[in-house]
1. Looking at B:Asp70, is it part of a loop (DSSP other than H, G, I, E, B) and within 30 Å of A:Phe338 (Cβ to Cβ)?
2. Given the residues A:Ile53, A:Ile67, which is the only one that is under 30 Å from A:Thr289 (Cβ atoms), over 15 Å from the mean Cα position of the chain (by Cα) and modelled with pLDDT under 90?
3. So which residues in segment A:320-351 are without any contact (Cβ under 8 Å) to a residue 40 or more places away in the chain and more than 14 Å from chain B (Cβ to nearest Cβ), if there are any at all?
4. Any idea which of B:Ala49, B:Ala62 is outside any loop (DSSP other than H, G, I, E, B), within 20 Å of B:Leu115 (Cβ to Cβ) and not charged (D, E, K, R)?
5. Quick check on this structure: which one of A:Thr104, A:Thr119 is surrounded by 20 or more Cβ atoms within 10 Å (Cβ to Cβ), polar (S, T, N, Q), in a helix (DSSP H, G or I) and within 11 Å of another protein chain (Cβ to nearest Cβ)?
6. Let me confirm something: among B:Ser199, B:Ser189, which residue is within 14 Å of chain A (Cβ to nearest Cβ) and surrounded by fewer than 22 Cβ atoms within 10 Å (Cβ to Cβ)?
7. Counting only residues that are of a type outside the set (Phe, Trp, Tyr) and closer than 21 Å to B:Tyr284 by Cβ, give me the strands (runs of 3 or more DSSP E) lying completely in segment B:306-398 with at least 3 of them.
8. Within the set of pairs 6+ apart or on separate chains, which have a first residue in segment B:131-147 that is under 21 Å from B:Arg107 (Cα atoms) and at the interface with chain A (Cβ under 10 Å from one of its Cβ atoms), a second that is basic (Lys, Arg) and surrounded by fewer than 22 Cβ atoms within 10 Å (Cβ to Cβ), and C-beta atoms under 8 Å apart?
Amino acid sequence: MSEPDRSRSLDVRRAAARPRLARTLLMFFSVIGPGIITANADNDVGGIQTYSIAGAQFGYSMLWLLIPVTVALIVTQEMCARMGAVTGKGLADLIRENFGVKVTTIVLLLFVLSDLGNTAAEFAGIAFASPVFQQYIPFLTKYLLVPAAAIFVFVMVTRGNYRVVEKVFFAFCVVYLAYVVSGFVVHPPWGAVLKATVLPHFSPTQAYVTTAIAVIGTTISPWMQFYIQSAIVEKGVRIKDYPYSRIDVITGAIITDVIAFFIVVACAATIYVHNEHLAPGAHPLSVNTAGDVATALQPLAGKYASLLFAIGLLNAAIFTASILPLSTAYYVCEAFGFESGVENSFRQAPVFYALYAGLIVIGGGIVLVASDAFQNVIIFYSQVLNGVLLPLVLVLMLLLINKPRLMGRYTNNLAFNAIAWTTVVTVGGLTVLSTIQLIMNAGS
Amino acid sequence: MAFHDGFVSQLVGRTAMLDRNGERTPVGRVVDFVVEHPEDSFPRVDAVAVKTREGRKLAPIADVKEISEDGTLLLSAPPTIDAPPDDETLYLVEDLFDKQIVDVNGRKVVRINDLELARTTGAMRVVAADIGVAGLLRRLGGDRIAPGLIARIPRHLIAWHNVAPLHDLNPEQIRLSVSHARLARMRPSDLADIIGELSAQDAARVVGSLDDEQAADALEHLNPERQRTLIDDLGTERAADIIEEMDSDDAADLLGDLSADKQQELLAEMDPRTAEELRELTTYDENTAGGLMTTEFVWIYPHRSAAATIQKIREIAPETEFIYYLYVTDQAKNLLGVLSLRTLLLADPDAPIHSLMDSDLVSVATDTSSEEVASTIARYDLLACPVLDPSGTMLGLVTVDDAIDAILPERLKRKLPRFTRHHQRSAEKAV
């Protein structure tokens, strides 16, 4: 190596370092995506439904909960993102390699069953939204929308490449703004809203506790932990770029909960207020599904608020239905060593396709042919499985991330471990509690 | 030994007994097996790890009197050797179970569910990795739940000499490096497919374990994104060595995708002449003849005899990828004509080159688009097309496979073999 060469390379380095901001932005945009997409996909039909019910039944009094929930969401997602960047492997892979075949089988079996219920819930969301669209275009029944959504999901995923799909996903994220708009359209009393957001409030009634637990449970779900880690790996994020990914994760979590905030506000300002000021003898509006919310908003806040809500619901359903079945099939195949990936033919990757198609067909099929009662049974048991699975996954995550052999110097530090274990124990504990409650209520 | 053949999972967890003149006392549980020469085609098991009350101990295989049909292990002496840590030796369960390996023969990345053992030539040996459903069920205790079921499932085994474990590619542990030699047997394009499937860390270890030339061949077949992360992971010095071995057009493409400072860092590590060439190549647009061309070609002088030229090619050809066309130039590298290797071989040994060459030349300029280069090559049925500067000096050539690569859609490209390479390899084998 000659002297002039060295000095030249130094000059170039200095020159390249100059436009700091531009470079930083460039790095950020090449790394962002997984965090924001995962967190948004998490505002799926179940999430929207839960936030709506929280707003409709308890007004603004549950808003404060969103702040600790956001912190918990950031903590869990950050750990998975970090594991993905350091090890370059998915969560299912790491579980298989470090805990063996038995633990993996149990976790993934629960995972598949819970995701089947989740997929069905997404398609149910499409069915819920369809009555609102039918007011404008009569033939948009669920019998058209659900199969159309299933075909759209299948084609996009099998034909598109990850880069394109990721852009489509970003577009989905933008549609979530519909909820922000509906939050404004209903003109809530912003002073009261703000106060309720920062001041914790607690009602020791069983209904309040149940709904609070449901809010936490729907925000942090097992499948997102798997998904974000794989998305980080897929994107090729390396540990040196990781600070940008951390921003991505934090941004995603905040955006998600801002949208949750507006959903709660929209329902509180309309349905809750309406029910509070009922004329004597009038029946209160009951809200049990996200579909009920879309319908209830119409007389209270006008047809646009209702339509926006329905569009948001449809968007959320298709978005999550694109991610969930596919990622489930991937993780199972990767952990067990079956051939996977849409670039293979059915003959080459039969297990992968059977799982993928099975989840979509059964999930969508249940919504089309099964009775509402049976749908509810499916969704109910998937929530129970979720409740069993989440604490298990969180504990496995914490064990993995504290293995120096795996994570080198990127294991959790003491402070982070304290926060993480608190989160895990709280979220895990609450989920178990809510699951027990679910079962007891179903029994009574 | 009653145990003839079976699977590691069937032995792990069984009782180890000390057997003194028929008097049996349990000493612990079998937890693992040690293999000291995994690089053998079918390596022997050298020791059994037993979990005793005093911790993990090794029993040399010579102390194992018998493994009964039910898996109970009979020892002639108590296990006393402390089990070495996992990074000093290869344990079958700890290091291989559930881990990814490359199936060198099937050219796939798979996961080990179980390992098959067999008694051959007087020793217990590892013969195959079980990667199928049968192995999974066996691990899950399927034999107990539904006896006989597993036997009915078709087996999916990979013979051990085709197994390249990914974890043992640590260059400091040469002793354990089974995989290096086995991976090196694969074709570069197959190896690249494998590398594409691995995690970034594993990919870097695989490439790191290859020699520069193999690594360069594999790297040429990878997509730009993978190339970039690998270059990052390999460290500047090693990366520069590998890039130097790549075809100059591929090397220039790769460098062109890197940041300016990374590019300079790498070039500074290289041989100055190669660096200069590459620096120039990176200035061309990727979708032009300049971006596609390689600067390695055989150029010969017109006044030499055919025999002398053949002698000359023998000296220089091993360094050059493409030798099927020989370009005749003057001292200033102005292109005068071209002749094929075939013409040269069939010519009278004393005939001077200028009498053999074809001076009706087809050439392109550095800024000719890749589509045009491809159509030129197709129209004249060429294997390569020379690239000239405006004054007629030959700068390099674009081979037919690089031209095809440039115009084919990405999806299709991966399925096609590299024509000239393949050709060359068969030629090498023939010699």
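The values are calculated or read from the model by the stated rules, or taken from the named source; none is laboratory data. None of these values were measured; they are calculated from a predicted model. Neighbour counts are summed over all protein chains in view; Cβ atoms, including those assigned to glycine, are modelled from backbone coordinates with ideal geometry.
1. Spelling it out, it is not the case that B:Asp70 is part of a loop (DSSP other than H, G, I, E, B) and within 30 Å of A:Phe338 (Cβ to Cβ).
2. Working: A:Ile67 fails: modelled with pLDDT under 90.
After applying the criteria, what remains is A:Ile53.
3. So the first thing to find is which residues in segment A:320-351 are without any contact (Cβ under 8 Å) to a residue 40 or more places away in the chain, and the list is A:329, A:333, A:337-341, A:343-351.
Those that are without any contact (Cβ under 8 Å) to a residue 40 or more places away in the chain and more than 14 Å from chain B (Cβ to nearest Cβ): A:Ala329, A:Phe346, A:Arg347.
4. Working: B:Ala62 fails: within 20 Å of B:Leu115 (Cβ to Cβ).
After applying the criteria, what remains is B:Ala49.
5. Exactly one residue qualifies, and that residue is A:Thr104.
6. Of B:Ser199, B:Ser189, the one residue that is within 14 Å of chain A (Cβ to nearest Cβ) and surrounded by fewer than 22 Cβ atoms within 10 Å (Cβ to Cβ) is B:Ser199.
7. Strands (runs of 3 or more DSSP E) meeting the threshold: B:384-388.
8. B:Gly132/B:Arg155
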